[in-house]
Structure formats: C-alpha cells, structure tokens
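The values are calculated or read from the model by the stated rules, or taken from the named source; none is laboratory data. All values reported here derive from a predicted model rather than from experimental measurement. Glycine gets a Cβ as well: all are built from the backbone with ideal geometry, and neighbour counts include every protein chain shown. Just the protein is used for accessible areas: all its heavy atoms, side chains included, with ligands, DNA and RNA removed. Shrake-Rupley method; radii C 1.70, N 1.55, O 1.52, S 1.80 Å.
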Amino acid sequence: AVAGTAVVKLATEATKSYAQYEQLVGGVDKLFGNSSKKVQKYASQAFKTAGMTANQYMETVTGFSAALITSLSGDTAKAAEKADQAIRDMSDHANNFGTSMDSIQNAYAGFAKGNFTMLDNLKLGYGGTAEEMQRLLDKAEEISGFKYDISSYADIVDAIHVVQTEMNITGTTQKEAAKTISGSSEMTKAAWGNFLTAIAGGGVVKKAISDLIESASHVYENVLPVVQTAITNIGNAITEVA
C-alpha cells in the first residue's frame, strides 16, 4: 500500500512537471523559432550550469527573451547564447551574494523594459538609476574596450557579464556544483526535477537517470569527508571531557 501510494505520488508530480514542460517548450518555440532546440539543449544542462531544472530555465528565459531578440535584430541563435549567459550570471550572482534568485530575475526583467530601479539588487556597487546603469556600462567598456549602448538589452547583459567576470563571480555555480555540499545538493535537486519530467515523456529517461546519479555522487563525495571530520572531532571532544 505504501509503495502504491508512493508510485501514485511520483506519477502525479511527473505529470504536473511534464504539463509545465509542454507549455514552456511551446513558448520557447514561438520566441526562438529555429533556435528553440538550442535553448532546450541549454535548459537540459542547466542543472549543473545554473542549479535549475530545465523547466525553471525555460521559464526564466521567456521572461526576457523578447527584448533580447529585438536588441539583436531578430538573431535568435545569438539570443539563445546571450540568454544562457544571462541565466548563468544570475545564478553565479545568487551563489556569491546570497541574493534571492527572484530578486535577480526581477532586476533583469526590469532592464528589459528600460527600468533600472532594481540594479542595486545585483549588489555590484551600482544604485537603481539609469545614470548608475550607464556607469556600469562605462566600467564594462573600460574593462573590455567595447562600447555598450544602454538602449540595447543585449549590451546590458554583456556589460553585467564583463563586470561580474572582473569581480571573479562568473562560473562559480558550475564549480560549486561539483565541489560543495550546497552546490551539489542544488544540482541534484534540479536533476531530480528533470527526471520527473523525463519519465512522463519530456526527455530521455536514460540521460535523466545518468544526470541524477552523477549529481548524487557529488553530494556523497562532498558530504562524506565532512561527516568523517565531525565524527572524529566529536570523539576527541568526548575524550577531552572524560
């Protein structure tokens, strides 16, 4: 009876996840056209690059992709690459500063509409005004040698990436996914979400299982030394007290 209840619960969660997946893929198809598969590929890798499920990744992308595509004169392939860069930057930022992902996503969504009041959400040392965004663009130009236009969303995404790279923020999510307890746990959680979608038809089950096992193995590798150290220290502490 317990096993049957667990199976029903798993099937229910998988169906819900797949229903969301269908809707999100449909949105990505409409926005990116021939480049939709490229976005979906990035989404399938997001469990390790951004600590997100494929569904979370596509939901985030659709929130700002229209402005990104427009700023790139309709080049959807390039927009797919920039969107992936932006999402990795968002995740890296959240990991470094402990800022909520929602707060960062809201900031990027605002930038897409020319609203810079939430620039200070990024905690990069710039206030929430157009003047401060221009100062960030100027800093990025100083670093990279490229000129950034505040009216171009793609330029804003690039400039933030340049500044974060200069601050050694870029790439931390992917590094932590393999080396830290928190990072590997988030990767495993995301891989589990992808597994749920896959078993209901939204992906290759074999790959989803492989990704889940790989993620869980990193959790084990990171947790075991800490547990061993804790047990040793507890034993030493008891010996000293005795």
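For region 155-182, the residues whose amide N sits under 16 Å from a probe point set 7 Å from the Cα of Gln134 along the beta carbon direction are 156. Ligands, DNA and RNA left out, the accessible area of the chain computed with a 1.4 Å probe is 57% carbon and sulfur.
Summing Lys and Arg as +1 and Asp and Glu as -1 over all other residues whose Cβ lies under 14 Å from the Cβ of Ile199 gives a net charge of +2. The alpha carbon gyration tensor of the chain gives principal lengths a ≥ b ≥ c with a/c of 1.5 or higher and a/b no greater than b/c, which makes the shape oblate. Straight-line cross-link reach from Lys41 at under 25 Å between alpha-carbon atoms covers these lysines, not counting any fewer than eight positions away in the same chain: Lys16, Lys30, Lys78, Lys82, Lys175, Lys179, Lys189, Lys206, Lys207.
Excluding ligands, DNA and RNA, the accessible surface per residue across the chain is 52 Å² with a 1.4 Å probe. Compared with the direct C-alpha span, the chain from Ala77 to Asp29 gains 16.0 nm at full extension, assuming 0.36 nm per residue.
Using the Cβ atoms and a cut-off under 11 Å, what net charge is assigned to the surroundings of Arg135, where Lys and Arg are +1 and Asp and Glu are -1?
-4
Normalising the average separation of contacting C-alpha pairs (under 8 angstrom, six or more residues apart) by the number of residues puts the relative contact order of the chain at 21 percent. Per residue of the chain, the DSSP helices (runs of n ≥ 4 H) give a summed -39500 (n - 2.57) that works out to -27000 deg cm²/dmol at 222 nm. Between Thr229 and Val205, residue separation times 0.36 nm minus the direct Cα-Cα distance comes to 5.0 nm. Quick one, could you list the DSSP H helices from the chain stretching 24 Å or more along their long axis (Cα atoms) with average Kyte-Doolittle hydropathy of -0.5 or above? Passing helices, by number: 2-32, 54-71, 181-199, 205-241. Take each peptide in 6-18, 73-85, 133-145, count the other Cβ atoms within 10 Å of every residue, and average; sorted highest first, the result is 73-85, 133-145, 6-18. Sorted on the mean count of surrounding Cβ atoms within 10 Å across their residues, most packed first, peptides 158-169, 40-51 read 40-51, 158-169.
Of the peptides 32-39, 87-94, the ranking by mean beta-carbon count within 10 Å, highest at the top, reads 87-94, 32-39. With the charge dipole of the chain set up from +1 on Lys and Arg Cβ and -1 on Asp and Glu Cβ about the Cα centre, the Cα lying farthest toward the positive end among the listed residues Leu24, Ala109, Ala159 is that of Leu24.
Tell me the net charge near Asp75. Cut-off is 10 Å between Cβ atoms, Asp75 excluded, with +1 for each Lys or Arg and -1 for each Asp or Glu. Net of charged neighbours comes to +1.
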